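Notes to accompany the following structure.
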């Protein structure tokens, strides 16, 4: 059973959007941000992440590409 | 194959009009500082403020900056700002923005792909929640409340002309021509984070850059010798990666651009000629 993506440490996010780009590439086979299942929104001094879990593909690759270890995998 | 022509958005503040033009003549200048200087040189009598991104912006790591070229007094400035703006412009399909004229009232530009509106406040600028980038000029250029130009900020010129802000949403996407090559290059370049001449940090990072460096806050000024990097538009700290013509050639080819090694080698001469033409005018 594939594991799902969890935003475990949003406070660590630096807003690089590598996860946004990777998630779109994995789910839509294109490079962009607007069709990505992940949004990264800057609110004041922090970033908020919104994940459409049903559309995420390749969760392990998204975990790997994050430089700040924001995501974890869960069963 | 992707055409090397550049898509330029012209904004006429005095008329509240805009137009998109396709520029084949800009292709040799690659992007970023090259296209910005060329556009400035061609339009200098009209005192343009030019913002440009590069052909690989958002497609490869560390290519995260927007180049600005503008005049103030007798001087011409080249400057770079980080944050999420460059990626939004790229996916809006815009290679350069040229701002001309002077608005009769306070104006905010709202850009959603090919739809452009002139409104009177940032609160009316719209855009897609979670996907847009908001730029304010009133207290210096500030992108998403954080990223600035540092010195030589064009904001004072823009505000004097009535432009107080901008919103950009880009919903386009790119499908690399050579996907396997693209993914290999992307992974290799991402691994070279330790070739950047700036330490990793936990500060807000420019889009498509994992570094989170302290210096993302203040952008960077021009520095000769980084013309290829600044045409792509990477920050100067990535020059060890992007001043290598073979790497850049491979990246462009993987996406589908048809630049040759010779054209990339000739870029520095073209840019130098533009700077000389501007300085001698």
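Throughout, read-outs are computed from the coordinates displayed, never taken from laboratory work. This one's a predicted model, so the numbers in the text were calculated from it and none came from an experiment. Don't worry about glycine lacking a Cβ; one is built from the backbone with ideal geometry, like all the others, and counts go over all protein chains shown.
List of remarks:
- Matching entry among B:218, B:260, B:247 (being in contact (Cβ under 8 Å) with a residue 40 or more places away in the chain and closer than 21 Å to residue B:178 by Cβ): B:247
- Positions within region B:254-266 being part of a helix (DSSP H, G or I) and under 21 Å from residue B:86 (Cα atoms), in sequence order: B:254, B:255
- Residue, nearest to residue B:217 (Cα to Cα), within region A:43-63, restricted to residues that are within 10 Å of chain B (Cβ to nearest Cβ) and surrounded by fewer than 21 Cβ atoms within 10 Å (Cβ to Cβ): A:45
- Looking only at region B:169-185, and only at residues there that are outside any loop (DSSP other than H, G, I, E, B) and at the interface with another protein chain (Cβ under 9 Å from one of its Cβ atoms), the one that is farthest from residue B:249 (Cα to Cα): B:169
- Residue that is nearest to residue B:79 (Cα to Cα), among those in region B:204-222 that are more than 7 Å from chain A (Cβ to nearest Cβ) and touching a helix residue (DSSP H, G or I) at 6+ places or on another chain (Cβ under 6 Å): B:220
- Residue match in region B:107-115 (condition: free of Cβ contacts under 8 Å to residues at least 40 places away in the same chain, touching a helix residue (DSSP H, G or I) at 6+ places or on another chain (Cβ under 8 Å) and farther than 29 Å from residue B:274 by Cβ): no
- Taking the criterion of being within 11 Å of chain B (Cβ to nearest Cβ) and touching a residue at least 40 places away in the same chain (Cβ under 8 Å), the residues of region A:1-42 that qualify are A:12, A:13, A:14, A:16, A:18, A:19, A:22.
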